[in-house]
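Just so it is clear, none of the values below were taken in a lab; they were calculated from the coordinates. For clarity, every value in this text was computed on a predicted model and none was experimentally measured. Reconstructed Cβ throughout: ideal geometry from the backbone, glycine too, with neighbour counts over all protein chains shown.
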């Protein structure tokens with residue numbers, strides 16, 4: 001159960017109801033502070049709809065953050081969203097293998113994006129070696145969008161954990177298909 005009330009759209013002031021166009025559990029909790037949700041949604045909308053980063057690579061980076069953080073909400077939601085942008089079950093299995101240090105057949109740019117997400121999530125910054133790999137493929141604009149995406153989702157998983165946002169029933173199937181390490185079977 002979330003640590004703050006999950007507000008039903010009809011209980012929210014009319015001027016804030018548009019913030020609940022996507023009435024997911026996270027938004028229903030964040031709307032307790034409409035200003036915070038508005039700001040949160042602003043950067044989230046840029047990342048999802050206007051970023052120059054390829055959607056599939058963006059989703060792989062977000063999934064990597066969610067996997068490392070053991071964030072069931074983020075992991076399940078972005079498996080679903082990722083599929084809309086071309087992330088396959090094989091990609092998800094490869095992400096897990098890459099996280100465990102096993103070799104995969106993912107293309108080098110994909111591996112570099114995952115490495116950047118692992119490094120930012122764990123050490124707080126992309127290493128020089130990974131940056132050099134990324135720089136060989138991506139423009140400066142893409143690199144900024146990648147770092148902003150990873151940084152934002154490192155924050156998102158902490159918000160989810162701190163507010164104890166539960167996974168909605170319709171997303172549980174993704175956790176069953178791809179359980180997080182340490183998750184109850």
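Assorted remarks:
- Near pairs, Cβ below 6 angstrom, 6+ apart or cross-chain, from the stretch 39-68 (without any contact (Cβ under 8 Å) to a residue 40 or more places away in the chain and on the phi < 0 side of the Ramachandran plot) to any residue that is surrounded by 16 or more Cβ atoms within 10 Å (Cβ to Cβ) and in a loop (DSSP other than H, G, I, E, B): 56/87; 59/87
- Checking 97, 61, 2 one by one, the residue that is surrounded by 14 or more Cβ atoms within 10 Å (Cβ to Cβ) and assigned to a loop (DSSP other than H, G, I, E, B) is 2 and no other.
- Those residues of the stretch 31-58 which are farther than 22 Å from residue 144 by Cβ, touching a helix residue (DSSP H, G or I) at 6+ places or on another chain (Cβ under 8 Å) and outside any helix (DSSP H, G or I), in sequence order: 31
- Of the residues screened, residue 134 is one that is in contact (Cβ under 8 Å) with a residue 12 or more places away in the chain, more than 13 Å from the chain's Cα centre (by Cα), more than 27 Å from residue 176 (Cβ to Cβ) and surrounded by 14 or more Cβ atoms within 10 Å (Cβ to Cβ).
- The set of residues in the stretch 100-123 being within 24 Å of residue 158 (Cα to Cα), in contact (Cβ under 8 Å) with a residue 24 or more places away in the chain and surrounded by fewer than 14 Cβ atoms within 10 Å (Cβ to Cβ) consists of 122 alone.
- Any hit, the stretch 73-91, residues being in contact with a helix residue (DSSP H, G or I) (Cβ under 8 Å, 6 or more places away or on another chain) and over 30 Å from residue 163 (Cα atoms): yes
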